[in-house]
Each structure stands twice: as C-alpha cells, then as structure tokens.
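K.L.:
Pasting a structure here, questions to come.
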Amino acid sequence: MKKLIIINGPNLNLLGKREPGIYGSLTFEEFFKTIKKKYIDVELDYFQSNVEGELINKMHDVGFSYDGIILNAAAYTHTSVGMGDAVKAIETPVVEVHISNTFGREAFRHQSYISPNAKGVILGFGLQSYELAIQSFL
Ligand code: DQA
C-alpha cells in the first residue's frame, strides 16, 4: 500500500472561507474526506501548518519513509529557501501543487523555491490539483 501525505502551508486552513472566487467554497477537511474514500488503496495522511519550521519538520519526519509528498507550500512557495532546501534534503519525491494558476496571477507568484527539486508541478485545477498529484504516484 502506497503511503502518501498532503502537506498544506499557510492560510490553507481557511479554505472554504478564504477568497472563494480563487480557492473555491469547499473546506479542505470536506475534500480530504472524499478523496480518502475514493483512494482506499492508498494510506493518505494530511498535515497543515501556518508555521514555516513546522512544515520543514514534517517534511523531515516523513521524507525518508513515505512514497510521496503532495506539497502546497502556499505563500512559502515564493519566499522560503528553507522549504526548497528541505525538498532537496529528503528522499521522498515531492509533487508541488497549487489550487490556482499561479502564473496567471501576480508576478511574485511566478517564482517557486519548490519547483527546481520537485518531481513535478500541478497547478490551476482547483482542489482537483491534489487528486491529479495522488494519481501521479499510483
Ligand atoms: C496557492 C498559491 C499561492 O500563491 C498562495 O500564496 C496560496 C495558495 C494555491 O494553492 O493556489 O496561499 O499555493
């Protein structure tokens, strides 16, 4: 059984309430319940934090034993050398995910510290981006 984890960065705990025009009106917990049911042959975990160091600690915790990490580092994507280094430091492949099409938004969102070391990048498909990332590991 494949062991995957979704790691969500800052402000993604507010999905459903936060800028629904961009991020949709479903909470992540609701969405996660649906995909857990759909992918019963996958051991699927979920972690969210607004704290950069906690996200890095989590990557270290899972990064030598899990089969895949689905990472939406949110705003830290565009700012965090530390998160980029963490992706490089671990063994588990990381698929970078974004709900919105970051390339259709402000210029500062076009830069990613995660992409250079990610296995792949999926963005712009709403919450379905996460599902496509799961499928990429199967
Ligand atoms: C995001 C895009 C980021 O630019 C933004 O800071 C987020 C969410 C996305 O999923 O579309 O918080 O990662």
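The values are calculated or read from the model by the stated rules, or taken from the named source; none is laboratory data. For clarity, every value in this text was computed on a predicted model and none was experimentally measured. Here the Cβ is made from the backbone with ideal geometry for all residues, glycine too, and neighbour counts use every protein chain on show. Keep in mind that these areas ignore ligands, DNA and RNA; they rest on the heavy atoms of the full protein, side chains included. Shrake-Rupley method; radii C 1.70, N 1.55, O 1.52, S 1.80 Å.
K.L.:
Report, by residue number, each residue of segment 117-138 that is in contact with a helix residue (DSSP H, G or I) (Cβ under 7 Å, 6 or more places away or on another chain) and open to solvent by 80 Å² or more (accessible area, probe 1.4 Å).
P.N.:
If the condition is that a residue be in contact with a helix residue (DSSP H, G or I) (Cβ under 7 Å, 6 or more places away or on another chain) and open to solvent by 80 Å² or more (accessible area, probe 1.4 Å), then Phe125 is the only one that fits.
K.L.:
Among the numbered criteria (1) near the ligand (Cβ under 10 Å from one of its atoms); (2) touching a residue at least 40 places away in the same chain (Cβ under 8 Å), which one does Leu14 miss?
P.N.:
(2)
K.L.:
Okay, next question. Go through segment 27-56 residue by residue and tally those that are over 16 Å from Ala73 (Cβ atoms) and within 13 Å of the ligand (Cβ to nearest atom).
P.N.:
The qualifying residues number 1.
K.L.:
Among Lys58, Lys3, Lys38, Lys33, which is the only one that is under 19 Å from Phe137 (Cβ atoms) and open to solvent by 70 Å² or more (accessible area, probe 1.4 Å)? Give the steps one after another, and end with the answer.
P.N.:
Details: Lys58 fails: open to solvent by 70 Å² or more (accessible area, probe 1.4 Å); Lys3 fails: open to solvent by 70 Å² or more (accessible area, probe 1.4 Å); Lys33 fails: under 19 Å from Phe137 (Cβ atoms).
None of the other options fit; the residue is Lys38.
K.L.:
Anything in segment 66-86 that is within 16 Å of Ile6 (Cα to Cα) and either in a loop (DSSP other than H, G, I, E, B) or open to solvent by less than 10 Å² (accessible area, probe 1.4 Å) (or both)? List them, or say none.
P.N.:
Tyr66, Asp67, Gly68, Ile69, Ile70, Leu71, Asn72, Ala73, Thr77, Met83, Ala86
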